[in-house]
1. Provide the percentage of antiparallel DSSP beta bridges, counting only those with both residues in segment 83-201; round to the nearest 5.
2. How far is helix 174-194 tilted off the main Cα axis of the chain, in degrees rounded to 10, range 0 to 90?
3. So between Thr168 and Arg206, what do we pick up on full extension, going 0.36 nm a residue minus the alpha carbon distance?
4. Apply 1/(1 + (r/R0)^6) to the Cβ-Cβ distance of Val31 and Thr161, taking R0 = 30 Å, and write down the FRET efficiency to the nearest 0.05.
5. Kindly express, to the nearest 10 degrees and within the range 0 to 90, the angle between helix 133-145's C-alpha long axis and the longest C-alpha principal axis of the chain.
6. Pop out the carbon and sulfur fraction of the accessible area of segment 77-221 as a percent, whole number, probe 1.4 Å.
7. Whole number in Å², please: accessible area per residue of segment 1-138, 1.4 Å probe, ligands, DNA and RNA not counted.
8. On a 0 to 90° scale, report how tilted helix 37-55 is relative to the longest principal axis of the chain, with both axes built from alpha carbons and the result rounded to the nearest 10.
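The values are calculated or read from the model by the stated rules, or taken from the named source; none is laboratory data. Given the structure is predicted, the values throughout are model-derived calculations rather than measurements. Methodologically, a virtual Cβ is constructed for each residue, glycine included, from the backbone with ideal geometry; neighbour enumeration extends over all protein chains shown. Please note that ligands, DNA and RNA were not included when accessible areas were found on the heavy atoms of the full protein model with its side chains. Shrake-Rupley method; radii C 1.70, N 1.55, O 1.52, S 1.80 Å.
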Amino acid sequence: MSKPFAWSYSVLTSFEDCPRRHYLTKVSKQVSEQPSEEMTWGNQVHKALELRIKVNQPLPKTMVEFEPIVAKVATAEGVKTAEQKLALNRDYQPTTYFAGDVYVRGITDVTIENGRKAVILDYKTGKPTPASAQLKLTAAMTFAHLPYIDTIATGFLWLKTGGITSETYTRDDIPTIWQEFEPRVQRLERALIDNKFPPRPSGLCRKWCPVGRALCEHCGT
Ligand code: SF4
């Protein structure tokens, strides 16, 4: 029996970037994708910051430059949760991360609850970019899990600069957020049902795609 359909922001954007690459690396797993140096570094930084917030473990020497930024997070007023796992079913109601009815999953780097307001931060180790739909998805999922929260300021915290790209949402925004995602998610689900994953050539084909010429004619072009 095939697994019930479930998605996350990274799964959705992987599919949208290139359906063929997504299928081969994440669905059939015919091709293994080695993490880049940047990804490995990003994962190490996330783990260190998680431990800094959860158990006040000092950052390793290679990351001390982030201490002033993380100290502000650690001392901010409110209840902090690091690496909060969020999972909703198809009715956008909370469920557990590996439940049989899970439909959408996400993890927030740090959530700070303060009364009826919350701040959610997503650590970023790369260069600052504009806000993305990831922020609103995080807000909608958190509203479902924390029913006493009315307002969420959600943002990317750029560790190299200390800057924040932030957006604020209220419960009134929830229907619009899901309406925005639904057509995108339906295209992903339809591709899985029809088993159709066409290539989508882009600047990734030349150097950044692990698929290989035997499985995609655009590889290396
Ligand atoms: S080479 Fe390009 S089109 Fe082909 S799978 Fe990779 S990213 Fe997609």
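1. Working: 18 of 26 bridges.
The antiparallel proportion sits near 70 percent.
2. Relative to the chain, helix 174-194 is tipped by roughly 30 degrees.
3. On the way: separation 38, 0.36 × 38 = 13.68 nm, distance 3.81 nm.
That pair, Thr168 and Arg206, stretches by 9.9 nm at full extension.
4. Numbers: r = 35 Å, r/R0 = 1.16.
After rounding to 0.05, the efficiency reads 0.30.
5. Rounded to the nearest ten degrees, it is 60.
6. Working: 4090 of 7790 Å².
Of the solvent-accessible surface of segment 77-221, carbon and sulfur hold 52 percent.
7. Values: 7960 Å² over 138 residues.
Using a 1.4 Å probe on heavy atoms only, each residue of segment 1-138 averages 58 Å².
8. 30 degrees
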